[in-house]
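This report refers to the structure that appears directly beneath it.
The values are calculated or read from the model by the stated rules, or taken from the named source; none is laboratory data. Treat the numbers as computed from the prediction; the structure is a model and nothing was measured. Cβ coordinates were reconstructed from backbone atoms using ideal geometry, including for glycine residues, and neighbour counts include every protein chain displayed.
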Amino acid sequence: MGSATYLQKFREDASKVRVLVVDDEEFLRSIVRERLEIAGYIVEEASNGNEALAMLEGSVPFSVLLTDIRMPGMDGITLLGVWGKRCPGTAGIVMSANAELDTAVHALKMGACDYITKPFNFDVLLITIENALRKKDLERQLDDYRANLEGKVKEQTDIINSMYVRSIDAMIKALEAKDFYTRGHSHRVTLYSIAIADELGVTGQEREDLHRASVLHDLGKIGVREAVLNKPGKLTELEFAEIVRHPGTAVRILEPIPFFHPLLPAILHHHERFDGKGYPSRLAGRNIPLASRIMTISDTFDAMTSTRAYRKALPVADAIAEIRRCSGTQFDPEIVPAFLACQPKIVIPDEVSLPDGFEEAVPASFLPRPV
Ligand SMILES: [Fe+2]
């Protein structure tokens, strides 16, 4: 847009272009005012910084702040700083004497759009104002563009993430189809983990990450042969080694997708034991991520109370007794009481089946509230 057109645009709606002239010299203010009003601007005056700031209250915003530097009371530089914080959309212009060039440069650093040296030619003043307005307008356009761009990027990222989640969900379903006995396992582990987390007071992103990690924790079993997963008898050493690799396999599947990064430590270490005898890293105590220490209880409890290829389900009461017995060795002794006492705050989806005998054996507080 050419400069004439630009100013013309403002002149057509002059109420939008309000200029505040701040100078302790009344004569200079009045002559500047007269010239700017002839050019189509609405002009107001203040004799120092304090007076200028007082004019901000309840006033229609000023498009331009044209200020002297040296004034009694608040000087122009301080005024620019305070004004810029309260009205960042105003174009600040400093009027300085030649001798004050350093100060004018300082004013630019403080956010002024431009400066003009006194005495000035009024045509130059008009061009300076116009340039400052254009600069502010471009800044606004850039801000709008950035805001829109951020929104668009977020929208696209959400779409991509939801596609990833759907693909991974499909993989979980494929895993459950392959491993008949773990059908519904990740759902139940998620249910128990969240109930424990709520009892422990885990909230926000940490709770959300635990939820996601619980759903995905056994994803790596997709890399374990079906014959091993569903083997009725005891596993050989090699077969067990194949099982042990499943947390690492899950991490390798999820690692390329940044969206899943916060979940990886919890998934990798969901088979660690509190006494350091677990796998894959033999981490112990609080070196094991909190989410893993929670998930390992949920995971073991569900494994014990589900029928597997190699054994029948344990009664729920026996499984609870086993969790208690292993508190401090396999499980974090500070999380076991939460497992025993937790009160779920989520509604169980219809498709999730609980182990037989669960309701009789589990403390009432653990059971989900009726919908
Ligand atoms: Fe696992």
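Against the list (1) in the same structural domain as Leu340 (by TED's automatic domain parsing); (2) within 16 Å of the ligand (Cβ to nearest atom), the condition Met171 fails is (1).
For residues in segment 291-305 being among the hydrophobic types (A, V, I, L, M, F, W, C) and surrounded by 19 or more Cβ atoms within 10 Å (Cβ to Cβ), which is nearest to the ligand (Cβ to nearest atom)?
As a first pass, look at segment 291-305 and keep what is among the hydrophobic types (A, V, I, L, M, F, W, C): 291, 294-295, 297, 301, 303-304.
If we keep only those that are surrounded by 19 or more Cβ atoms within 10 Å (Cβ to Cβ) as well, we get 291, 294-295, 297, 301, 304.
Values: Ala291: 13, Ile294: 14, Met295: 9, Ile297: 13, Phe301: 13, Met304: 13 Å.
Across segment 291-305, the extreme among qualifying residues is Met295.
Looking at segment 32-139, the strands (runs of 3 or more DSSP E) lying wholly inside it that each contain 2 or more residues that are farther than 22 Å from Val17 by Cβ sit at 91-97, 114-118.
Select from segment 259-285 the residues that are exposed (fewer than 15 other Cβ atoms within 10 Å of the Cβ) and farther than 20 Å from His211 by Cα and write down the one among them that is farthest from the ligand (Cβ to nearest atom).
Residues of segment 259-285 that are exposed (fewer than 15 other Cβ atoms within 10 Å of the Cβ), as a first pass: 261, 275-277, 282, 284-285.
With farther than 20 Å from His211 by Cα added as a condition, the list becomes 275-277, 282, 284-285.
Details: Asp275: 18, Gly276: 18, Lys277: 16, Arg282: 16, Ala284: 18, Gly285: 20 Å.
Taking the candidates together, the pick is Gly285.
For segment 55-74, a residue qualifies if it is surrounded by fewer than 17 Cβ atoms within 10 Å (Cβ to Cβ) and under 26 Å from Glu139 (Cα atoms), and the qualifying residues are Met55, Leu56, Glu57, Gly58, Ser59, Val60, Pro61.
Restricting the search to helices (runs of 4 or more DSSP H) fully inside segment 216-323 and requiring at least 2 residues that are without any contact (Cβ under 8 Å) to a residue 12 or more places away in the chain gives 237-244. Over 26 Å from the mean Cα position of the chain (by Cα) and either away from the ligand (no atom under 16 Å from the Cβ) or of a type outside the set (Val, Ile, Thr) (or both): is that true of Glu226 in this structure? For Glu226, the condition - over 26 Å from the mean Cα position of the chain (by Cα) and either away from the ligand (no atom under 16 Å from the Cβ) or of a type outside the set (Val, Ile, Thr) (or both) - is met.
Only one of the listed residues (Thr236, Thr203, Thr249) is exposed (fewer than 14 other Cβ atoms within 10 Å of the Cβ), more than 26 Å from Ser327 (Cα to Cα) and β-branched (Val, Ile, Thr). That residue is Thr236. Kindly evaluate Thr103 against the criterion of being in contact (Cβ under 8 Å) with a residue 24 or more places away in the chain and in the same structural domain as Val64 (by TED's automatic domain parsing). For Thr103, the condition - in contact (Cβ under 8 Å) with a residue 24 or more places away in the chain and in the same structural domain as Val64 (by TED's automatic domain parsing) - is met.
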